[in-house]
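Only the coordinates and a few stated rules stand behind these numbers; no lab work does. On a predicted model such as this, the values are computed, not experimentally measured, just so you know. Cβ placement follows ideal geometry from the backbone for every residue including glycine, while neighbour counts extend to all protein chains displayed.
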Amino acid sequence: MISVGILSHYAPKTLAHTLQSYKDAGVFEITDDVFAVLQMSDRQAAEKMVCDSFGVRAICLHDNGKMAWGFKAIYENARHEHILFLENDFVIHASKQDTADFFKNALQFMNVDGFDVVRGRSRKQPGDPNHAMWLSTLSRDVLKNNTHLSECIFWESEPEKAYPSRIHRIDHTAGRQPWYTSIAKYCNYTNNPYVCSKTFFEHAVLPYIGFGNNLEYELTDLWATKHYTCVFGPGLFTHDRSFDGHS
């Protein structure tokens, strides 16, 4: 199974909307470990009430160490070897079958094929804002050497043909949508939804976590020097913060 860890701060309405979307999409039928890490805020108690109403395990932190500290808590509290890292404003607008396909493929890619990271942001419904879209203004010749090249799946219909030496189409177990792979040099670290093993997180991310860090800022340059293998395809999660904002 895959543990599903959701990082939340100051957003009970957003969290409730997100958890309802997971329930509707069948996430609770796929895994026995869905939990939320609730960073300290004056809405933490309300967030815990939301978790309780869905039967979701709540880990209430005594501080707010931003993304890095929150993801560290997800890693520490996950019950299974493979973890899906999420933020509270990534919902699912997909069917139960799509959800099951994503989880099944993710496990195949890691357990059978040996890939390191499986990305989860929806290709067709990425939501807003999608900061990667600014890259679409770059020419292909410029983008082909960019650390964020793999973000092109949001606007390239056949990225393996646009960048044949960088992105490759791969076989998968479930569903009809295409999946691709690239190396870390062209597939940046992101806090957007992703699945990896605890073992991978321990050596690739955990050593660079500090209280108050963003992670994306600290890891991007270093990540591009590694030989990690990344997988991305139809994805599953849509960014949606329509309810309560950040503070």
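Using only the Cα atoms of segment 113-246, build the gyration tensor, take square roots of its eigenvalues as a ≥ b ≥ c, and label the shape rounded, prolate or oblate: rounded if a/c is under 1.5, else prolate if a/b is larger than b/c, else oblate. Rounded shape, in that the Cα axes give a/c under 1.5. Along its first, second and third principal axes, ordered by size, segment 14-57 spans 32, 18, 14 Å in Cα coordinates. Segment 178-202 and segment 93-133 have their alpha-carbon centroids 11 Å apart. Under a 5 Å amide H cut-off, with hydrogens placed 1.01 Å from N, Gly127 pairs with His239 among residues at least 5 apart or on other chains.
With contributions of -39500 (n - 2.57) from each DSSP H run of at least four residues, the per-residue ellipticity at 222 nm computed over the chain stands at -8500 deg cm²/dmol.
For Cα extents along the principal axes in Å, the value computed from the atomic coordinates appears in the list (1) 50, 37, 33; (2) 76, 47, 39; (3) 51, 40, 36 under label (1). Remark: segment 54-70, residue by residue, has Karplus-estimated 3J(HN,Hα) of 9, x, 9, 5, 10, 10, 9, 7, 9, 8, 10, x, 6, 4, 4, 5, x Hz, where x stands for each Gly or Pro and the curve is 6.51 cos²θ - 1.76 cosθ + 1.60 at θ = phi - 60°.
Of the residues Asn130, Leu15, Phe232, the one whose Cα sits farthest towards the positive end of the charge dipole of the chain is Phe232 (charges of +1 on Lys and Arg Cβ, -1 on Asp and Glu Cβ, taken about the Cα centre).
In percent, what relative contact order does the chain have, based on Cα pairs under 8 Å that are 6 or more apart in sequence? Each step should come with its number before you reach the end.
Values: 493 pairs, mean separation 70.8, N = 247.
Computed over the chain, the figure is 29 percent.
The GNM of the chain, with springs linking C-alpha atoms under 10 angstrom apart, assigns the highest mean-square fluctuation among Ser182, Ser41, Ser139 to Ser139.
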